[in-house]
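So the structure is just underneath, and the comments pick up after that.
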Amino acid sequence: MDRDGKGDRDMKRGSDGKADRGDRMERDKGDRGDKVGRGERGGRGDRGAVRGAYGRLGAPQRTEFRQSVFRRGIPRLAAGVFALSVGTAIARSYTLYDLPPDIVRIAPEYEDYRYVLVDDDIVIVDPDTYEIVDVIRG
């Protein structure tokens, strides 16, 4: 409380007696430090570029991509464990796997992402938010 008992000392009052929110909002932006301007991606590339990157590959590259992922032998989740839709956040209890370097060479858009296998589908996931950013259907 301020000295006259009216509360929020952080807000300046204009000549009309109303709180000046502009200064407070500008100050609050500064309080977020390095997050300002980075967006929710934490510096990762554009999600739009990630979605559909597999589909932009030629047939031989798609074959190499799928073989490289399945060759690693990671466990597959059963179909239906979560909705396979871009934007769906999956539970953090699921283990995400690094994409093999040869996949990143073929599709560099996937570099900062991880994946899980759901049945025969490759699900590309943002490791910060656990949101699905692409689904490569089997």
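The values are calculated or read from the model by the stated rules, or taken from the named source; none is laboratory data. As the structure is a computational prediction, the values presented were derived from the model and not from experiment. As a convention, Cβ positions derive from the backbone with ideal geometry for all residues, glycine included, and neighbour counts pool all protein chains shown. Accessible surface is based on the protein model in full, side chains and every heavy atom, while ligands, DNA and RNA are left aside. Shrake-Rupley method; radii C 1.70, N 1.55, O 1.52, S 1.80 Å.
Which pairs do you get when a residue that is closer than 16 Å to R66 by Cβ, found in the range 81-107, comes within reach of a residue that is among the polar types (S, T, N, Q) and surrounded by 12 or more Cβ atoms within 10 Å (Cβ to Cβ), reach meaning Cβ atoms under 9 angstrom, with the pair 6+ apart or on two chains?
As it stands, the answer is L99/S68; P100/S68; D102/S68; I103/S68; I106/Q61; I106/S68; A107/Q61, since those pairs meet every condition given.
Which one of these is more than 14 Å from V104 (Cα to Cα) and at pLDDT below 90: R41, R72, R76?
Testing whether each residue is more than 14 Å from V104 (Cα to Cα) and at pLDDT below 90 leaves just R41.
G52 passes all but one of (1) out of contact with any Lys or Arg (no Cβ under 7 Å at 6 or more places or on another chain); (2) closer than 15 Å to V135 by Cβ; (3) at pLDDT 90 or above; which number fails?
Only one criterion is unmet by G52, namely (3).
Give the range 106-126 a look and list any residue that's touching a Phe, Trp or Tyr at 6+ places or on another chain (Cβ under 7 Å) and open to solvent by 20 Å² or more (accessible area, probe 1.4 Å), or say none.
The one that is touching a Phe, Trp or Tyr at 6+ places or on another chain (Cβ under 7 Å) and open to solvent by 20 Å² or more (accessible area, probe 1.4 Å): R114.
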